[in-house]
Amino acid sequence: MSNIKIHDKEFVKTISHDEIVAEVKRVAANINRDYAGKRPLLLGVLNGSFMFAAELMRNLEIECEISFVKLSSYQGTNSTGVIKEVLGLSESITGRDVIVVEDIVDTGLTMQNMLETLGTREPASIEIASLFVKPARLQVPVNVKYSVFTIPDRFIVGYGLDYDGLGRNLPDIYDVVE
Ligand code: IMP
């Protein structure tokens, strides 16, 4: 299989599109079961989660809604050293069952920050659905209830994930070749 080049780095295909679709279906079945009779609000974190959010929602059979948020690049300080503002959340999440939809949990700081911020708005519940989790990189305890793939500490691109802006359009997942 031929490797691809993005900017200065070479990447090799490691997870096929078909495999992603099958695994997302598996996780969606768990959400269908856990949220039966409820109406969760999926909250996709832009930019990386757009493909995963679409595939996940396509497989949900329960009533559900979706909205997308972005995190500001502004960085102040809190206990973890990084705080980012959640932008674009126009609807109220008070009393809602929120599922944050993320592309990848790396250090976990982004999700910790997100849960802290959303938690102040009194949702009924908040869980995280992430396409990837790199457990070896976690710096803070973050409970990803709906994790699709657990991967080693390697940089990946494709299916919404980028390397310096490029690679999001790739239907498969590629690992960087060191
Ligand atoms: P965290 O706050 O360290 O968990 O960072 C999560 C964010 O870092 C993700 O939403 C991605 O935007 C980015 N990220 C972390 N690892 C990768 C990777 O392997 N490929 C592409 N983006 C990544």
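The values are calculated or read from the model by the stated rules, or taken from the named source; none is laboratory data. Only a predicted model underlies this, so the values are computations on that prediction, with no experimental measurement involved. Methodologically, a virtual Cβ is constructed for each residue, glycine included, from the backbone with ideal geometry; neighbour enumeration extends over all protein chains shown. Note: areas computed on protein heavy atoms with side chains; ligands, DNA, RNA excluded. Shrake-Rupley method; radii C 1.70, N 1.55, O 1.52, S 1.80 Å.
General observations
- Solvent-accessible area of the chain (1.4 angstrom probe, protein heavy atoms only): carbon and sulfur portion equals 49 percent.
- Of all beta bridges that DSSP places with both ends in the chain, some 40 percent have antiparallel geometry.
- Contact order normalised by residue count of region 52-178, Cα under 8 Å, 6+ apart, percent: 18 percent
- Cα-centre dipole for the chain with unit charges at Cβ (Lys and Arg positive, Asp and Glu negative), debye to 20: 180 debye
- Taking the chain as a Gaussian network of alpha-carbon nodes connected by springs under 10 Å, the highest mean-square fluctuation of the residues Glu61, Glu19, Glu91 belongs to Glu91.
- Over 26 Å (Cα to Cα) - which of Lys70/Lys145; Lys38/Lys84; Lys9/Lys84; Lys5/Lys134 fall in this group: Lys38/Lys84; Lys9/Lys84
- log10 of Debye I(q)/I(0), alpha-carbon scatterers only, for the chain at 0.18 Å⁻¹: -1.23
- Potential lengthening of the chain between Glu91 and Asn30 amounts to 19.4 nm, from the contour at 0.36 nm per residue minus the alpha-carbon distance.
- Measuring between their Cα centroids, region 120-155 and region 1-64 lie 13 Å from each other.
- Cα long-axis angle, helix 109-119 against the chain (0 to 90 degrees, to the nearest 10): 20 degrees
- For region 78-178, chymotrypsin sites (Phe, Trp or Tyr not before Pro) meeting the loop criterion (DSSP other than H, G, I, E, B) and having at most 16 other Cβ atoms within 10 Å: Phe155.
- Restricting region 89-145 to trypsin sites (Lys or Arg not before Pro) that sit in a DSSP loop and have at most 16 other Cβ atoms within 10 Å of their own Cβ leaves Arg121, Lys145.
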